[in-house]
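Before any comments, here is the structure.
The values are calculated or read from the model by the stated rules, or taken from the named source; none is laboratory data. Treat the numbers as computed from the prediction; the structure is a model and nothing was measured. With ideal geometry, Cβ positions are generated from the backbone for all residues, glycine too; neighbour counts draw on all protein chains shown. The accessibility values were calculated without ligands, DNA or RNA, using every heavy atom of the protein model including side chains. Shrake-Rupley method; radii C 1.70, N 1.55, O 1.52, S 1.80 Å.
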Amino acid sequence: MGRLDAFRQFNLRNWLRDERQSRKLILFIVFVALLLDNMLLTVVVPIIPSYLYNLDEASDEVSNSTLAPLQTTPAAFDRIVSLYDNTTVRLSGSGGATTDGVPSAAPTAAGAWPPQNSSDCPRSTKKLINENVKVGLLFASKATVQLLTNPFIGPLTNRIGYQLPIFIGFCIMFISTIMFAFSSSYALLFLARSLQGVGSSCSSVAGMGMLASVYTDDEERGHAIGIALGGLAMGVLVGPPFGSIMYEFVGKTAPFLILAFLALFDGALQLFILQPTKVEPESQKGTPLLTLMKDPYIVIAAGAICFGNMGIAMLEPTLPIWMMETMCARKWQLGVAFLPASISYLIGTYIFGTLAHKMGRWLCALIGMVVVGICIIGVPFAKDIYGLILPNFGVGFAIGMVDSSMMPIMGYLVDLRHVSVYGSVYAIADVAFCMGFALGPSIGGSIAESIGFPWLMTIIGIVDILFAPLCLFLRNPPGQEEKIAILMETNCSMKTRSYSTQGNYYQGENMDPDYEDDYD
């Protein structure tokens with residue numbers, strides 16, 4: 001009875017008000033925000049290539065029917081249209097049947113047409129290859145706009161706090177989702193994708209900055225960011241198969257309407273817990289964005305994020321088209337092909353969110369970059385959808401290693417070398433992430449069209465492998481002496497080096513001081 005009375009007296013609003021300052025609830029809100037953002041990011045991956053191809057096919061058919069010269073009324077049963085394999089069969093009076101005007105042998109049984117005429121295979125391979133550029137530009141528009149917005153969002157969070165920007169991000173994301181649901185032209189889809197970039201910039205920069213500010217211990221911060229990246233991974237995991245299955249069996253509008261309802265739930269949580277109407281600027285002025293961008297260690301960490309994610313960014317627009325071209329893949333298969341990468345990314349971020357702190361985040365990122373490169377090169381060797389399981393699994397797992405290592409390092413480098421205000425540095429991290437997803441689809445689509453999908457994968461794989469050794473520089477970054485004194489109270493997996501007029505000495509675990517002679 002005691003538990004029943006306690007349940008009756010439970011008031012959700014009062015509980016939310018009491019738990020408003022809970023770090024776990026803030027982590028949950030950031031988790032949900034990243035989940036929705038990346039579900040919307042990836043749910044379009046299997047939908048857009050097929051949808052745009054069908055739009056172009058429909059417009060071409062309308063144009064051809066309009067331009068076709070008027071002909072005399074054909075005799076009865078002059079043409080038979082097969083709804084199964086999208087072919088038109090012309091019946092000649094004395095000869096055999098012709099398919100689209102070309103004589104062919106009559107089928108031996110009803111519906112027994114050759115496999116190459118299957119509805120799963122595109123009728124125009126050349127037109128399908130040309131879709132690479134359009135799809136690539138559409139996918140890249142979100143990351144490009146986000147890339148341009150991030151430099152403004154980072155300093156803005158330092159001035160007004162994190163609560164209002166993350167709520168504005170929710171509002172913009174909701175509008176973008178509704179536009180995706182009801183847009184039926186390339187221009188409107190492009191606008192919706194670009195608008196998503198603004199909302200994603202607000203959500204990701206403010207969310208990561210908020211986590212770094214409430215989780216001040218390096219190990220706890222790494223664990224919390226690993227959980228938050230699990231929301232990103234979950235969105236990447238659920239998005240493609242969810243979108244492809246809903247598109248195949250329900251239609252284009254349904255998955256976006258479901259995401260819109262989930263976005264409303266996240267907005268309600270933010271209203272109750274974060275109180276976005278309040279303006280709470282940081283207590284100290286953060287390091288200027290330009291100064292952080294000149295820091296070579298931050299640049300290396302950002303580069304690892306950029307090139308690590310560029311591989312999967314190039315796969316998103318080009319892999320479905322390559323599968324349609326070489327495997328005659330069905331709509332639902334276009335999204336399911338990304339399932340191994342999504343599952344392994346979720347596993348990788350969960351495992352290495354904590355493990356990377358113990359083994360050394362620089363080492364974790366270095367191994368991840370090499371594995372990404374090797375697995376990306378192996379993708380074009382797949383002959384069917386089952387052959388994509390192993391390389392895609394490796395790509396997702398390795399990117400999880402890189403992201404779960406580099407995101408905490410960005411906050412740690414600010415603590416070590418600059419003022420501990422995190423909006424600007426996570427704006428840089430998000431810029432790096434967006435550069436991968438902006439350059440990847442836009443450049444990848446053009447390269448795939450000109451030299452082919454296998455060469456595209458080879459190029460980006462080699463770039464990842466060549467970049468990996470730069471992570472060695474993150475092993476012992478130098479820092480300010482007064483900041484090292486504070487940070488050394490916690491056990492940090494990264495060795496640090498500080499400079500003084502008395503010489504150069506190391507500080508960190510198992511490091512021996514190396515004093516030089518005093519200056520006269």
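Here is a list: A233, A224. Which entry is in contact with a Lys or Arg (Cβ under 8 Å, 6 or more places away or on another chain), open to solvent by less than 10 Å² (accessible area, probe 1.4 Å) and either of a type in the set (A, V, I, L, M) or modelled with pLDDT under 80 (or both)? Outline the logic, then answer.
On the way: A233 fails: in contact with a Lys or Arg (Cβ under 8 Å, 6 or more places away or on another chain).
Exactly one of A233, A224 is in contact with a Lys or Arg (Cβ under 8 Å, 6 or more places away or on another chain), open to solvent by less than 10 Å² (accessible area, probe 1.4 Å) and either of a type in the set (A, V, I, L, M) or modelled with pLDDT under 80 (or both), namely A224.
Kindly evaluate V431 against the criterion of being surrounded by fewer than 24 Cβ atoms within 10 Å (Cβ to Cβ) and either assigned to a helix (DSSP H, G or I) or at negative phi (or both).
On the way: surrounded by fewer than 24 Cβ atoms within 10 Å (Cβ to Cβ): no; either assigned to a helix (DSSP H, G or I) or at negative phi (or both): yes.
Spelling it out, it is not the case that V431 is surrounded by fewer than 24 Cβ atoms within 10 Å (Cβ to Cβ) and either assigned to a helix (DSSP H, G or I) or at negative phi (or both).
The rows are residues; the columns are (1) touching a residue at least 24 places away in the same chain (Cβ under 8 Å); (2) closer than 27 Å to V238 by Cα.
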position: F393; (1), (2): yes, yes
position: G396; (1), (2): yes, yes
position: H418; (1), (2): yes, no
position: G423; (1), (2): yes, no
position: F433; (1), (2): yes, yes
position: P441; (1), (2): yes, yes
position: S450; (1), (2): no, no
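Write out, first by first residue and then by second, each pair whose Cβ atoms fall under 7 Å of each other, whose residues are 6+ apart or on separate chains, and whose first residue, in region 44-56, is more than 16 Å from E325 (Cβ to Cβ) while the second is open to solvent by 10 Å² or more (accessible area, probe 1.4 Å) and of a type in the set (S, T, Y).
I47/Y247
Residues checked against (1) open to solvent by less than 20 Å² (accessible area, probe 1.4 Å); (2) at pLDDT 80 or above:
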residue	(1), (2)
I129	no, no
V135	yes, no
P165	yes, yes
F170	no, yes
I175	no, yes
A181	yes, yes
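Of the residues P281, P240, which is open to solvent by 70 Å² or more (accessible area, probe 1.4 Å) and either modelled with pLDDT of 80 or more or in contact with a Gly (Cβ under 9 Å, 6 or more places away or on another chain) (or both)?
Values: P240 fails: open to solvent by 70 Å² or more (accessible area, probe 1.4 Å).
Going through P281, P240 in turn, the sole match is P281.
Taking the residues in region 149-163 that are open to solvent by 60 Å² or more (accessible area, probe 1.4 Å) and touching a residue at least 12 places away in the same chain (Cβ under 8 Å) as candidates, determine which candidate is nearest to A438 (Cα to Cα).
Start the filter on region 149-163 by keeping residues that are open to solvent by 60 Å² or more (accessible area, probe 1.4 Å), which leaves 152, 156, 159.
Checking which are touching a residue at least 12 places away in the same chain (Cβ under 8 Å) leaves us with 156, 159.
Values: L156: 23, R159: 28 Å.
So the residue we want is L156.
Of the residues V370, V421, which is surrounded by fewer than 21 Cβ atoms within 10 Å (Cβ to Cβ) and either touching an Asp or Glu at 6+ places or on another chain (Cβ under 8 Å) or hydroxyl-bearing (S, T, Y) (or both)? Full working, then the answer.
Details: V421 fails: surrounded by fewer than 21 Cβ atoms within 10 Å (Cβ to Cβ).
It is V370.
Looking at region 26-44, which of its residues are among the small types (G, A, S) and surrounded by fewer than 24 Cβ atoms within 10 Å (Cβ to Cβ)?
Step one: filter region 26-44 for residues among the small types (G, A, S), giving 33.
Listed by number, the list is empty, since nothing qualifies.
May I ask you to say which residue of G303, G286, G308 is in contact (Cβ under 8 Å) with a residue 12 or more places away in the chain, of a type in the set (G, A, S), in a loop (DSSP other than H, G, I, E, B) and under 27 Å from S405 (Cα atoms)? Walk me through how you get there before you give the answer.
Values: G303 fails: in a loop (DSSP other than H, G, I, E, B); G308 fails: in a loop (DSSP other than H, G, I, E, B).
The unique qualifying residue is G286.
Being within 20 Å of P340 (Cβ to Cβ), assigned to a helix (DSSP H, G or I) and among the aromatic types (F, W, Y) is true for just one of F242, F256, F265, F272. Which residue is that? Give the steps one after another, and end with the answer.
On the way: F256 fails: within 20 Å of P340 (Cβ to Cβ); F265 fails: within 20 Å of P340 (Cβ to Cβ); F272 fails: within 20 Å of P340 (Cβ to Cβ).
The conditions single out F242.
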